[in-house]
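Notes follow the structure.
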Amino acid sequence: MMSDQKIPENIDIDMRGQVCPATLLVAMDKLNKHRDAIKKGLEELCIKTDNREAITTIPTTARNMGYSVNVTQMDSFYQIVVRNFTPESKK
Amino acid sequence: MSLERIIQDAKRIKENPSSALLQIGADDELAPVADFLNELLQENRVLRQNNEASINYIRQKIDQLLLVIGTIPLRPEELDDATLINLDPIGIIAESFTQILEHLRQTNEQLELAMDEIKAIFESVGGGILVLDADKKIVSCNHKLQEMFDVQGNQVCGLSCSEVICLGQKIKPCPFDEMLRTGQAVSMSAIYPRNMLHYNIVSAPVRDRDDKIVRTVMLYTDITELMEAKEAVANEKERLSLTLKSIAEGVVVTNSAGDVTMMNEVAETLTGWSLGEAMGKGVCQVINIQKERKPHSCSDTFSDILSKCSTFKHISQTPLIAKDGEEKIIALSIAPIKSGENSAPAGAILVFRDITQEKNMEMEIMRTKKIESLGVLAGGIAHDFNNLLTSIVGNISLARIMAKDNTKIATLLAETENASFRAKNLTGQLLTFAKGGAPVTTITCSKKLIKESAQFSFSGSKIKCLFNISDNLWPVEVDEGQIGQVIHNLVINADHTMKEGGTVDICAENILIDKNDARSLTPGKYIKIDVIDRGEGIEKQHIDKIFDPYFTTKEKGHGLGLSICYSIIKKHAGLVTVESEKGVGTTFFLYLPAADQQLPELATQSLHPEKGEEIFLGHGRILVMDDEELIRDVSSQTLSYLGYSVELAADGQEAIEMYSLAVNQGKPFDAVIVDLTIPGGMGGKEATEHLLQINPKAKIVVSSGYANDPIMANFREHGFSGVIPKPFSMEKLSDILKTVLSESDA
């Protein structure tokens, strides 16, 4: 199934050094602007942040908006990936 | 004041709003300009205150929205007013809310759909569903459940399940309680006393966010029919097992891989494997029918049967080697187990039967038939030969007496006569094969018979006999002469095989043969005689043939000794078998049926009476009836020599006519010698009946080449006064006539 689809393009935002709620607002702004492409699975939002609050607020808000969210802890920051919701991504 | 100065002051006041307004004299010519500037400055101050309030309002609203979103308020230093306005957080949040609402709407739609689906499942599932709260109160139930337990859905909500389902007769354990105890879904089956139906009940918990069980879904499935079917299958299985247990054949069932899955008790007995041991083992290991030189290899047979196009197979005879090494002969049928004509076999069924006893019987029958066919031939030859010998012996007897002055000739003739009598013994042996040679039986003391016959046989040889005979050995009803001959032959055989001499053990005991005995004997009481030698033994390939006529391994043997033994024992309804090991020795086993009657007192007479050697002269008229001219001639001459006057007849008819004529003429015959068998004419038996009608006191002696004919054995029952088997010596003839005629005188 995946082979039929295009690999989604990343929208990268580096928010390191910035705190909530500015980080959240920027993330929401991107989700609003790229809404159609992300919902179609053509794009994914990839956020780098070192603010602990952001790793709660961004995923909660994105999920409320109907997206699927993955948070991965990297060496010195967190990477939050927001993508289209599919039944598989729920797992 | 100059204009430049006023403009400079106005700029300073604008930059510093708290500063006082322009101070200028009312009469200054630039006073109107200053007033205008002061108005503008005032207006600017108000506008600035309004702007600040608006910005604060916006920040307040943004913070409010951010709180709704779930985050902290914006700090003023984070974004200055211009950036704030430029970023447009309210727009962003509003746009995001659109997405959130859209998502909520979609989620609600999905929820509604899911609810509908659950509702459909609730009603369409085959089982009855009951939803209970934490207090076992009914929250809802589907139609199926209402049907099952005959309740109305709207009336039972809020009632306890024990009131509605169990009706006070609680089943144990309660599925709800079990689910609570284990904390997970449980499945169990139980019969409900309210309707005696069998249900399978699944009780599954529904938990809230705090993992507390708030609801329980109970699914009831009626499995009464299934359980009844299961019971029927179990009964059927039991019946099949009983059937298999009660049939006489061994039955083994395999799976498609050829491994044993089932076997009955007969199969266990025949193979020596218990079902437990055989289970899962390859069938060829359990039914070991593989043998060198045999065409039936188990694995070949099996790979064929388990192939797709396999059919029924029957092997009429094959050796089966049991677990303990015992070999049996079986008949084996193998059939594939198929569900359809073209389907691959799911396994195979093997049915086999122990035919060892049948095969032994068959062999016995074959041997008997061989001996019977020989008997027909032997009987005829012996009869003709005895007739010839009668003439030879008679003539030699006469010649010997005539040549009594010439000792040399008399000696030669005596030797010739002896040789002729030995030839008679050989024909006597041949006659035991003959069909008519039924044994002349008497109740006999078996111990005495065995001992005397054996002792007579080994006297003068290098062997000695050791007897081990039960004191209470049952008597037997046998022809003593014939059984004596059997024992004689066996002891002679032992003597021959033990060239250096040694001991022959002769044991005898009573045994009972039951219907399950593999030996081909009618069930009953028998005596068993073992003749055990320590000789060369018999080669394995010869052992099946030693009882066949003319089979011999001895250079000088004629191959009749053991077949005569066999024939005699068969005629006595007994059995003779042999076991032998090359280099160790041979044992013959004789089985003779025990007599029903007790031993008569006088069964002690000697078995070997001495033959008379004296010639008795006599007088009187003798009629000789014989179809053989040679015999008539020699009889005539011999009787004349003995002093009798002789007349001759060729058959019964002529003899009757001559006897009748003699009676009518007043010169009757004193004795008649009749031949028992006249080919194509009236024989001695019938002629005697007529002669006795003419003269009930007629003295008639029967003579025959069939020395073993029952009439010869029981001659008095047929009206004869004496018997003289052919060939006979002059002494014997004179003796019998003297005896018969003296009876007549008495």
(request) Enter the mean number of other protein chain beta carbons within 10 Å of the beta carbon of each residue in B:78-90, as an integer. (result) 2
(request) Ignoring everything but the protein chains, give the 1.4 Å probe accessible area of B:PHE302 in square angstrom, nearest 10. (result) 10 Å²
(request) Provide the per-residue ³J(HN,Hα) series for the stretch B:677-691, in order, calculated from phi with Karplus coefficients 6.51, -1.76, 1.60 and θ = phi - 60°, each as a whole number of Hz, with x at glycine and proline positions. (result) 10, 10, x, x, x, 6, x, x, 5, 5, 4, 4, 4, 5, 4
(request) Might you work out the accessible area of B:THR107 for me, using a 1.4 Å probe with all protein chains in place, and round it to the nearest 10 Å²? (result) 50 Å²
(request) Place a +1 charge on the Cβ of each Lys and Arg in chain B and a -1 charge on the Cβ of each Asp and Glu, then give the dipole magnitude about the Cα centre in debye, rounded to the nearest 20. (result) 3020 debye
(message) For a 23 Å ceiling on Cα separation, which of these pairs sit above it: B:LYS119/B:LYS172; B:LYS448/B:LYS570; B:LYS462/B:LYS570; B:LYS451/B:LYS732?
(response) B:LYS119/B:LYS172; B:LYS462/B:LYS570; B:LYS451/B:LYS732
(request) Could you order peptides B:150-160, B:722-732, B:114-124, B:268-278 by the average number of other Cβ atoms within 10 Å of their residues, highest first? (result) B:722-732, B:268-278, B:150-160, B:114-124
(request) Can you check what the net charge comes to around B:SER635, using other residues whose Cβ is under 13 Å from the Cβ of B:SER635 (Lys, Arg +1; Asp, Glu -1)? (result) -4
(message) Compute the angle between helix B:629-642 and the longest alpha-carbon principal axis of chain B, please, reported from 0 to 90 degrees and rounded to the nearest 10.
(response) 50 degrees
(request) Hey, could you get me the Stokes-Einstein D for the stretch A:2-84, Kirkwood radius over alpha-carbon pairs, 10 °C and 1.306 mPa s, rounded to whole µm² s⁻¹? (result) 125 µm²/s
(request) Normalise the Debye intensity by I(0) for the stretch B:113-215, one equal point scatterer per Cα, no solvent, then take log10 at q = 0.11 Å⁻¹ and round to two decimals. (result) -0.33
(request) For the stretch B:621-745, just the Cα set please: Rg and Dmax, both in angstrom. (result) 12.9, 37
(message) Just to be sure I understand: of the beta bridges DSSP finds with both ends in chain B, what percent are antiparallel, rounded to 5?
(response) 75 percent
(request) Provide the percentage of antiparallel DSSP beta bridges, counting only those with both residues in the protein assembly as shown; round to the nearest 5. (result) 75 percent
(request) State to the nearest 20 debye the size of the charge dipole of the protein assembly as shown about its Cα centre, where the only charges are +1 on K and R beta carbons and -1 on D and E beta carbons. (result) 1640 debye
(message) Taking all protein chains in place and a 1.4 Å probe, what share, in percent, of the accessible surface of the protein assembly as shown do carbon and sulfur account for?
(response) 53 percent
(request) Return the whole-Å distance between the Cα centroid of the stretch B:198-229 and the Cα centroid of the stretch B:80-116. (result) 41 Å
(message) I'd like the distance between the alpha-carbon centres of the stretch B:27-45 and the stretch B:307-329, rounded to an integer number of Å.
(response) 133 Å
(message) Can you give me the orientation-averaged projected area of the convex hull built on the Cα atoms of the stretch B:74-119, in nm²?
(response) 4.0 nm²
(request) Please give the per residue accessible area of the stretch B:390-544, computed with a probe of 1.4 Å over protein heavy atoms only, in Å². (result) 50 Å²
(request) State the Cα centre-to-centre distance between the stretch B:338-375 and the stretch B:640-705 in whole Å. (result) 58 Å
(request) May I ask for the net charge around B:ASP80, where only other residues with Cβ less than 15 Å from the Cβ of B:ASP80 are counted and Lys, Arg are +1 while Asp, Glu are -1? (result) -3
(message) What do you get for the angle between helix B:407-431 and the principal long axis of chain B? Use alpha-carbon atoms, 0 to 90 degrees, nearest ten.
(response) 30 degrees
(request) May I ask which residue of B:ALA335, B:CYS284, B:THR269 lies farthest towards the positive end of the charge dipole of the stretch B:247-354, with charges of +1 (Lys, Arg) and -1 (Asp, Glu) on Cβ and the Cα centre as origin? (result) B:ALA335
(message) Pairwise over distinct Cα atoms, reciprocal of the mean inverse distance: report the Kirkwood radius of the stretch B:1-87 in Å, one decimal place.
(response) 15.8 Å
(request) Please state, rounded to one decimal and in Å, the Kirkwood hydrodynamic radius that the protein assembly as shown gives when every pair of distinct Cα atoms enters the mean of 1/r. (result) 41.7 Å
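The values are calculated or read from the model by the stated rules, or taken from the named source; none is laboratory data. The shown structure was predicted, so the numbers you read here are calculated from the model rather than taken from an experiment. With ideal geometry, Cβ positions are generated from the backbone for all residues, glycine too; neighbour counts draw on all protein chains shown. For the accessible areas, the whole protein counts, side chains as well, though only heavy atoms, and no ligand, DNA or RNA atoms are used. Shrake-Rupley method; radii C 1.70, N 1.55, O 1.52, S 1.80 Å.
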